[in-house]
Amino acid sequence: MGRLHLFEFEDQTWLPGVIRDGMTGILNIIEEKAKLYIAIVPCLRSVLRELKCEIIVDLCSGSGGPWKYLIDCLVDSETSSLEVLLSDKFPSFNILELDAFQASKLEFLPYPVDATQVPKELKGFRTLFGSFHHFRPEEAVGILQDVVKCGEGIALFEMTRRNWLSIMYIFLLAPISVLLYIPFIKPFRWPRLILTYLIPLLPFMLVFDGIVSCLRTYSLEELQMMVKQVRGNNLYNWEIGMKKCKRFPGGITYLIGYPKTTTSIL
Ligand SMILES: C[S@@+](CC[C@H](N)C(=O)[O-])C[C@H]1O[C@@H](n2cnc3c(N)ncnc32)[C@H](O)[C@@H]1O
């Protein structure tokens, strides 16, 4: 199946915050309930230990993605000072109010951070969960190039895949998840209930973006081609592959790049 870079609601600057937070909030709940990214913990932990990483800059964080449970899995005696800075081009000011962020090792940056233009002063290992497909190939190569230029590490993970099984799964899972979980998104907002149960706009948008995400997701071969286009790629270790995930068909696509302090450690 060829890659199609179609329209996604989440990319639109005009999308009202209450809808955007509803969409990323549902993703956040699904990721947390199913612990979708738990399979990538061992490989991410090895890289963070190897680099003696203290700060992670998560890009395209939405409502926090999987970080509320991942942080506890990643922090151990060797990475006890690990802090995660969450960021987004469209940061949610409602999420900033939540106690869950205020009391943890997660900090949500209160200003827009575009993943294609990460400010120089934002230093740390970069991560992207379920969002690399938002970028056209030249932007995606630019994200990898900037990491090498800044001497940082990067890890990106995608649950979606460009095949019918992934599309069918989203088509069935997304509407059920919205109907079940929309009242539980914090902070609570009445309009989301109206836009779900009375006028089912939120379920439609989530299914639409989910299917388009599948069609935009890069294959392993495309990720490998991108790395080849990065100047100075030979100074980095690149690990590209799939991790099996019990709760999502096909597994998690990953790309991890880090300066060659050592040989491959995965
Ligand atoms: C599919 S959501 C993923 C959210 C989260 N990482 C997760 O796993 O639940 C994609 C996020 O990317 C953000 N985004 C889109 N384009 C962006 C850009 N150029 N820079 C930073 N964030 C962007 C959107 O606002 C949205 O929150």
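Just so it is clear, none of the values below were taken in a lab; they were calculated from the coordinates. Keep in mind that this is a model prediction, so the values were computed, not measured. Glycine gets a Cβ as well: all are built from the backbone with ideal geometry, and neighbour counts include every protein chain shown.
Considering only V212, V41, V84, the Gaussian network model of the chain with Cα springs below 10 Å gives its largest mean-square fluctuation to V41.
Note on the chain: with a GNM built from Cα contacts shorter than 10 Å, the maximum mean-square fluctuation among T116, T217, T253 falls on T116.
Computed about the Cα centre, the dipole magnitude for the chain is approximately 580 debye when only Lys and Arg (+1) and Asp and Glu (-1) carry charge, each at its Cβ. Residues whose amide H lies under 5 Å from that of S131, counting only those 5 or more places away or on a different chain, are F157; hydrogens are built 1.01 Å from N in the peptide plane. Identify, among I26, L156, L122, the residue whose Cα sits farthest towards the positive end of the charge dipole of the stretch 1-157, taking +1 on the Cβ of Lys and Arg and -1 on the Cβ of Asp and Glu, with the dipole about the Cα centre. Working it through, the farthest residue towards the positive pole turns out to be L156. Picking from K120, K244, K33, which is most flexible by a Gaussian network model of the chain using Cα springs under 10 Å? Of the options given, K120 has the highest mean-square fluctuation. Relative to its residue count, the chain spans a Cα convex hull of 119 Å³ per residue.
Quick check on the stretch 9-259: of the DSSP beta bridges with both residues there, what percent are antiparallel, nearest 5%? Before the final figure, lay out each step's value.
Values: 13 of 28 bridges.
Close to 45 percent.
Rounded to the nearest 500, what is the 222 nm mean residue ellipticity of the chain from helices alone, with -39500 (n - 2.57) per DSSP H run of 4+ residues and division by all residues? Please report the intermediate quantities before stating the final value.
On the way: 10 runs with 106 residues, N = 266.
Result for the chain: -12000 deg cm²/dmol, rounded to the nearest 500.
In terms of surrounding Cβ atoms within a 10 Å radius of their Cβ, S63, S77 rank from fewest to most as S77, S63.
Remark: the stretch 145-151, residue by residue, has Karplus-estimated 3J(HN,Hα) of 4, 5, 4, 5, 4, 8, x Hz, where x stands for each Gly or Pro and the curve is 6.51 cos²θ - 1.76 cosθ + 1.60 at θ = phi - 60°. Couplings for the stretch 233-245, taken from phi via the Karplus curve 6.51 cos²θ - 1.76 cosθ + 1.60 with θ = phi - 60°, read 4, 6, 7, 10, 8, 10, 10, 10, x, 10, 10, 5, 10 Hz in order; Gly and Pro are left as x.
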